[in-house]
Amino acid sequence: MADLAHLSLKQKIGQLLMVGFDGLRANAHIETLLRDHHVGGVILFRRNVDTPVQVAALNRQLQQINAEHSQIPLLIGVDQEGGMVARVEEGVTPLPSAMAFRAAGSVDACETLTRYANAELHALGFNINFAPDLDVNNNPRNPVIGVRAFGDNPGDVIEYGMAALRGIQAAGMAATAKHFPGHGDTDVDSHLGLPRVPHARARLDAIELAPFRAAIAAGVDTFMSSHVVFPAFEADVDTPATMSHAVLTGLLRQQLGFEGVVFTDCMEMDAIAKGVGTVAGAVAAFKAGADIVLVSHTQALQQGALAALEHAVTTGEISEAQIDQSVARVLALKAKRAMAQWNTLNTDLLPLMLRQPAAVALSEQVHAQAVTLAGRCAPLQPALSVLLITLEVRMRSEIDEVARRTDTLAAPLRALGYTVEEVRLPASPEIVDLERVQRLADAAAQVVCVSYNAVLNPAQQRLIALLPTQRLWLIAGRLPYDLDLAPGAAGRMTAYANRPAALQAVAQRLRAP
């Protein structure tokens, strides 16, 4: 692998950007960034993923393109937290959400299953997972973290978060502690706005920072900053942690002593893009102490960030010594995790490396143990038909993926012998949807409603209020707090996700004994 002394300024700056692109194969967008701009990292989303064979071929293709002009291997990353945030799903072992792991109650299972799942990612050619999420979700109205957190207190987050961290790194993957210094106590999604956490330093030390201190002590490879304002650390009330020297350098580096690589969260999120802007924000984040700036989508913004960083160095706004320091950290991470060995991966062995029986069995066990009942839960009667109402995501965001055909409780219920009529609705149903559902529910013997963050969605709340309580089974498809919306329902339960593995476990619990 090339050393720092032999890199040009343009090559060094390229190592400090991670980018995304559209497509199942490398296209002109990503090839230009790799060949002409020496970009050192790529992040994949579901838009880049079809089958295991395809994603393994894509990752190898990206490394091969990069190897034509660089001796430094690519960082290839993915958000594979589990549950609702899983970009690779087909053909791999299902990983529960963080909150489901805590509900299942086994730290050992969390570590082991996370290791299995990340070993599969490594076999597919990934080398960094942007997990675990170490936010403390102590705000029930948090629209972006929720089930992605291991709990609502720092003790649970530390216990399970460190287990997940050990599992990721034991699989040969780099792990990421996010979203520093904490996105849990917010009620604004930083993809859509600029959240603030107003607490004093003493409270932040005791709650928000505790899991991150534990991660540093456990040897975590990387951190990811949050686009959240922390007035206790940063005097400027409009400067989020991602662009705050006081947070990234003063707090994380100097006070907490973290020496690894610091990523930004995506700089195209509205908290940045609708404020200072993605390109200017990239420069500000690097000046604040970030090592790798993440720009996940737009080629013009990706190239603009590279040009702006290079301009900042040539004009003296950023010293080349700071560039060198960050590149040295990146090169050290790539060496530590043996990323140059990407060409030793044998895709012919994939069938033997994915969904091993022990991994699948443990996944099924954890998903089953994670199903949480709220009060008594009468079983569904097999002799009576079921009206299934599924609220689903139909517009992709950085977190929420568009629902797939398989993201439904209908198939597992039918497999158990139930007669099911399903109505699939958008997460924010229209008046006409409510009228239709009410007509069907009034005539239904049994009604099962799978919600999706209904506690944050007035339209879903109106729909649930229309359903016949005595004949209603409410399933929280993401946030468990939805169950409070129907306290008198015949059954209420959550598996902390609406993915097939979670819904299969729910169906088993709904079945009559």
Of all residues being in contact (Cβ under 8 Å) with a residue 60 or more places away in the chain and either β-branched (Val, Ile, Thr) or assigned to a loop (DSSP other than H, G, I, E, B) (or both) in the range 237-261, which is surrounded by the fewest Cβ atoms within 10 Å (Cβ to Cβ)? Just the residue, please.
259
Evaluate the following for residue 89: is it part of a strand (DSSP E or B), closer than 30 Å to residue 480 by Cα and among the charged types (D, E, K, R)?
no
Some residue of the range 53-62 being farther than 24 Å from residue 13 by Cβ, crowded, with 24+ Cβ neighbours inside 10 Å and either of a type outside the set (D, E, K, R) or free of Cβ contacts under 8 Å to residues at least 24 places away in the same chain (or both):
yes
Residues that are farther than 15 Å from residue 245 by Cβ and assigned to a loop (DSSP other than H, G, I, E, B): does the range 310-317 have at least one?
yes
Just wondering, is there one or more residues in the range 254-270 that are of a type in the set (A, V, I, L, M, F, W, C) and in contact with a Pro (Cβ under 7 Å, 6 or more places away or on another chain)?
no
Is there any pair linking a residue in the range 499-513 that is over 15 Å from residue 478 (Cα atoms) and in contact (Cβ under 8 Å) with a residue 40 or more places away in the chain to one that is part of a strand (DSSP E or B) and of a type in the set (A, V, I, L, M), with Cβ under 7 Å and at least six apart or on different chains, and which?
509/493; 510/380; 511/380; 512/380
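Tell me, which residue of the range 1-21 that is out of contact with any strand residue (DSSP E or B) (no Cβ under 7 Å at 6 or more places or on another chain) and more than 23 Å from residue 319 (Cα to Cα) is surrounded by the most Cβ atoms within 10 Å (Cβ to Cβ)?
For the range 1-21, the residue satisfying everything is 21.
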Out of the residues in the range 344-367 that are small (Gly, Ala, Ser) and within 22 Å of the chain's Cα centre (by Cα), state the one that is nearest to residue 471 (Cα to Cα).
363
Residues that are over 23 Å from residue 346 (Cβ atoms): which strands (runs of 3 or more DSSP E) entirely in the range 35-85 hold 2 or more of them?
41-44, 80-82
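Where in the range 150-236 are there helices (runs of 4 or more DSSP H), lying wholly inside it, with at least 3 residues that are closer than 21 Å to residue 114 by Cα and in contact with a Gly (Cβ under 8 Å, 6 or more places away or on another chain)?
Filter on the range 150-236 gives 154-170, 210-217.
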Looking at (1) touching a residue at least 24 places away in the same chain (Cβ under 8 Å); (2) among the charged types (D, E, K, R); (3) more than 16 Å from residue 508 (Cα to Cα), can you tell me which one residue 405 breaks?
(1)
From the set of residues in the range 283-321 that are free of Cβ contacts under 8 Å to residues at least 60 places away in the same chain and within 18 Å of residue 36 (Cβ to Cβ), which is surrounded by the fewest Cβ atoms within 10 Å (Cβ to Cβ)?
300
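Condition check: out of contact with any Pro (no Cβ under 6 Å at 6 or more places or on another chain), outside any strand (DSSP E or B) and surrounded by fewer than 19 Cβ atoms within 10 Å (Cβ to Cβ). Does residue 24 satisfy that?
Yes; evaluated as a whole, the condition is true for this residue.
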Could you check the range 228-243 and list, in sequence order, the residues that are within 24 Å of the chain's Cα centre (by Cα) and more than 11 Å from residue 180 (Cβ to Cβ)?
229, 239, 240, 243
List every residue pair whose Cβ atoms lie under 6 Å apart, where the two residues are 6 or more positions apart in sequence or sit on different chains, the first residue falls within the range 115-142 and is of a type in the set (Val, Ile, Thr), and the second residue, located anywhere, is in a helix (DSSP H, G or I).
136/154; 136/157
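Readers should treat all values here as calculations from the given coordinates under stated rules, not as data from a laboratory. This one's a predicted model, so the numbers in the text were calculated from it and none came from an experiment. Here the Cβ is made from the backbone with ideal geometry for all residues, glycine too, and neighbour counts use every protein chain on show.
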